[in-house]
Amino acid sequence: MAITLLPEFENKIETAITHYPVSKRSASLPLLHLWQEEFGHISDEAIDWIAAKLDLQPINILELVTFYPMFRRQPFGKHHIRICRTLSCALGGSYETHACFKKATGAEGDDHGPVSSPDGKYTIEFVECLASCGTAPVVMMNDDFYEDVNESKIQELLQKYQ
Amino acid sequence: MAAPQRRLIFKHIDAPGYTNDIDCYIKHGGYDDLKKSITMEPTAIKDEVKKSQLRGRGGAGFSCGMKWSFIDAKKVTKPIYLICNADESEPGTFKDRQIIHKDPHQLIEGMIISCFANSVKLAYLYIRGEFPEGAKILERAIEEARAKNFIGKNILGTGYELEIYIHRGAGAYICGEETGLIESLEGKRAYPRIKPPYFPAVLGLYMCPTIVNNVETLCNVKHVINMGGEAFAKIGTPNNTGTRVLCVSGDVNKPGYYEFECGSLTMGELINDVCGGIRNGRKLKAVIPGGSSAKVLRAGEKFKLKQKGADGAMVDKEITLEDIPVDFDSFAAVGTMAGSGGVIVMDDSRDMVECLANISEFYAHESCGQCTPCREGSLWMKKITHRMAHGQARKEDSALLKNVADNIAGRTICAFGEACSWPVQSFLAKFPEEFQAKANKDEELVLGK
Ligand SMILES: Cc1cc2nc3c(=O)[nH]c(=O)nc-3n(C[C@H](O)[C@H](O)[C@H](O)COP(=O)(O)O)c2cc1C
Ligand code: SF4
Ligand code: FES
């Protein structure tokens, strides 16, 4: 297993671990987040590396990746589009927003899980309540948050995230 | 006309020129309450919180003073931890996000005071994974507070020492349940723990006594210290003290967050005066008053509520949905709950079976899977409501749905069991004709388009 990590990244990992003086295992989620931000997804190597770093078995990390919806085992498109599916957003038209994003990007398939556009540029995902129900429908473009995203705003957003 | 808003927690939120950095916060009197608290005896702070009758704002409405009294710092030999629950994932709720983004220091100050009161030296702020910007804002706020010696070693020269770290979740609703949260913070799947014996106050984080409080609750602690417990208890109504941040979403003209004294307005005033009534000129059909787990209320329904009569004696009054005072006890009395303060409004064009199918899908997605009734039942409820909503209802579906829901509540490790079955039970009870019409495939009858 030959992974070379940038010193800056390793520093972030070491700092995260210091936040849990009682139990290193607590640093599992932070390390998974850091890894996914750096490499885009959680590979087999990531699981082995994080487990070794925290003196755990790989299964202890894998079971987190399969439990927490935000972690992914496969690479996503360049931009990750999350659309809220839950009631207030649905009342505000989020199913239309979701369908429109899929149509505009050519992403097809499963209604719920992540689907990617054929050019690999976008991965679109229906997610549960994003805690901004008063400005429904809400959308996250990568880590950026957008309110009242109805069909008329979709082209503009896709232009912005090229 | 509704009483005017009383902004205590949201006082500065959205105020022109108010920014989320520490200088702005201090300019507005920020951290003065910490300076005051840190000269007090920790037990004196706990007494003030008890006197304030502050109730938790995370969902259950449990007395904060009582929760804190379960841990006696003088007797406990293990470390005591405090966790701020910033998982905010209950559908319909969007208040903690505003505090985190726009007034993070209010939360940090409330947290430090609460830690000092409970002799906590290490605290975590558990924030949901989908708040990446919120997490950055809080990281910066903590650094700013550390630079001013409000966090760290020898705080303000008193010898008190405290560290606060941010811990990000990763998209699972069940991390909002306090023992699931603790497991998650220990680096495990967020499987809620069985109580007894795993009450956080006894066997919490790392099997040590732990206090878990919601963001808004911890902010309130700061104001309790500011005005004193007795003065705080005068805001609102007896047993429903302080203010309540209400998050209104769905079919109203002006959705948003509003803060009122507990019990100072009615549901009708909230929906019609504050939120500008139902959008598109439609009529009110249903309200979920406290986050998606709360039981639904139907417009036109009559409720019995004990209220003060003209002679001051308590009498049973028959009231409508619009008459319900917005406070903890009134919602409980009409058979639902004030919960997290998330009010979801539905107009008369809405198909209640579809609305329930949406909610059931949420719970099916979020069940942690430990308990068979919840894991299997939540999926069944999703499947049945979906087929009903999509024209494939079977004659027996209403009864089947009720049977599944009735066999979850009360038979699970955590309150998610109730959270997923209450919507099903209440939608079925309040709108039986809509479910029946699906079974009869006679939709027009229901919507009255
Ligand atoms: C399924 C479930 C989800 C919950 N989600 C949240 C949440 O997102 N935020 C929160 O503060 N409390 C949530 N709670 C309530 C917490 O378990 C806990 O009661 C609360 O954080 C205590 O804080 P308080 O006393 O200050 O309200 C949830 C409870 C359950 C059963
Ligand atoms: S009730 Fe549901 S969410 Fe709670 S522990 Fe059981 S399976 Fe998990
Ligand atoms: S329902 Fe979409 S943000 Fe809450």
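Listed values for the range B:244-254 are Karplus-derived 3J(HN,Hα) couplings in whole Hz (6.51 cos²θ - 1.76 cosθ + 1.60, θ = phi - 60°), namely 9, 8, 9, 10, 10, 9, x, 7, 10, 5, 10, and x replaces Gly and Pro.
Between amide H atoms placed 1.01 Å from N, distances below 5 Å from B:Asp87 occur with B:Arg128, all of them 5 or more places distant or on a separate chain. Stretched out straight at 0.36 nm per residue, the stretch from B:Val202 to B:Glu161 would grow longer than its current Cα-Cα span by 12.5 nm.
By the count of other C-beta atoms within 10 Å, a proxy for reagent exposure, B:Met314, A:Met70 are ordered fewest to most as B:Met314, A:Met70. On the basis of the beta-carbon distance and an R0 of 60 Å, B:Thr39 and A:Ala99 show a calculated FRET efficiency of 0.50. Each label was represented as a point 7 Å from its Cα along the Cα-to-Cβ direction; for A:Glu37 and B:Glu322 these points are 5.1 nm apart.
What the phi angles of the range B:385-394 give under the Karplus curve with 6.51, -1.76 and 1.60, with θ = phi - 60°, is a coupling list of 5, 5, 5, 5, 5, 9, x, 10, 5, 9 Hz, glycine and proline written as x. Rounded to the nearest 10 degrees, the inclination of helix A:7-18 to the longest alpha-carbon principal axis of chain A is 80 degrees.
For the protein assembly as shown, what class follows from the C-alpha gyration tensor (a ≥ b ≥ c being the square roots of its eigenvalues): rounded when a/c is under 1.5, otherwise prolate if a/b is larger than b/c, else oblate? Don't jump to the answer; show the numbers that get you there.
Working: a/c = 1.57, a/b = 1.09, b/c = 1.43.
Verdict is oblate for the protein assembly as shown.
For B:Asp347, the residues whose amide H sits under 5 Å from its own are B:Asp251, B:Lys285, ignoring neighbours fewer than 5 places away on the same chain, with H placed 1.01 Å from N. With R₀ fixed at 22 Å, the C-beta to C-beta distance from B:Lys383 to A:Arg72 puts the FRET efficiency at about 0.25. Annotation for B:Ala310 and B:Arg7: the two label points, set 7 Å from Cα along the Cα-Cβ direction, are 4.0 nm apart. Could you pull out which residues in the range A:1-32 have an amide N less than 20 Å from a spot 7 Å beyond the Cα of B:Glu143, following the Cα-Cβ vector? Label zone hits: A:7-20, A:30-31. Sites counted here are chymotrypsin sites (Phe, Trp or Tyr not before Pro) in a DSSP loop (not H, G, I, E or B) having no more than 14 other Cβ atoms within 10 Å; the longest part of chain B that contains none of them is B:71-449.
When shorter helices are ignored and each DSSP H run of at least 4 residues is given -39500 (n - 2.57), the per-residue value for chain B at 222 nm works out to -11000 deg cm²/dmol.
Model label sites at B:Arg411 and A:Glu63, defined 7 Å from Cα along the beta-carbon direction, differ in position by 2.6 nm.
Centre-to-centre, using Cα atoms only, the range B:1-44 and the range A:127-149 are separated by 28 Å.
For B:Ala15 and B:Ala60, a Förster radius of 30 Å and the Cβ-Cβ distance give a FRET efficiency of 0.45, rounded to the nearest 0.05. Rounded to the nearest whole angstrom, the semi-axes of the ellipsoid equivalent to the range A:7-67, taken from the Cα gyration tensor as √(5λ), stand at 16, 15, 9, largest first. Of all lysines in the structure, the ones whose alpha carbon falls short of 18 Å from that of A:Lys102, not counting any fewer than 8 places away in one chain, are A:Lys78, A:Lys121, A:Lys153, A:Lys160. In sequence order, the range B:361-376 has phi-based couplings of 5, 4, 5, 5, 6, 9, 4, 6, x, 6, 9, 4, x, 6, 4, 6 Hz under the Karplus curve 6.51 cos²θ - 1.76 cosθ + 1.60, θ = phi - 60°, and Gly or Pro positions carry x. Restricting to bridges with both residues inside chain A, how much of the DSSP beta-bridge set is antiparallel, in percent to the nearest 5? Antiparallel bridges: around 55 percent, rounded to the nearest 5. Taking amide H as placed 1.01 Å from N in the peptide plane, the amide H of B:Leu125 sits under 5 Å from that of B:Cys84, B:Tyr165, B:Ile166, B:His167, each at least 5 places away or on another chain.
For the protein assembly as shown, the Cβ-based charge dipole about the Cα centre amounts to some 1100 debye (Lys, Arg positive; Asp, Glu negative; other atoms uncharged). By DSSP, the beta bridges lying fully in the protein assembly as shown are antiparallel in about 55 percent of cases. Of the GluC sites (Glu not before Pro) found in the range B:360-411, those in coil by DSSP whose Cβ has at most 15 other Cβ atoms within 10 Å are B:Glu396. Between the range B:391-413 and the range B:276-314, the alpha-carbon centres lie 26 Å apart.
No value in this document is a laboratory result; all are computed from the given coordinates. Treat the numbers as computed from the prediction; the structure is a model and nothing was measured. For neighbour counting, all protein chains shown are included, and Cβ atoms are generated from backbone atoms with ideal geometry for every residue, glycine included.
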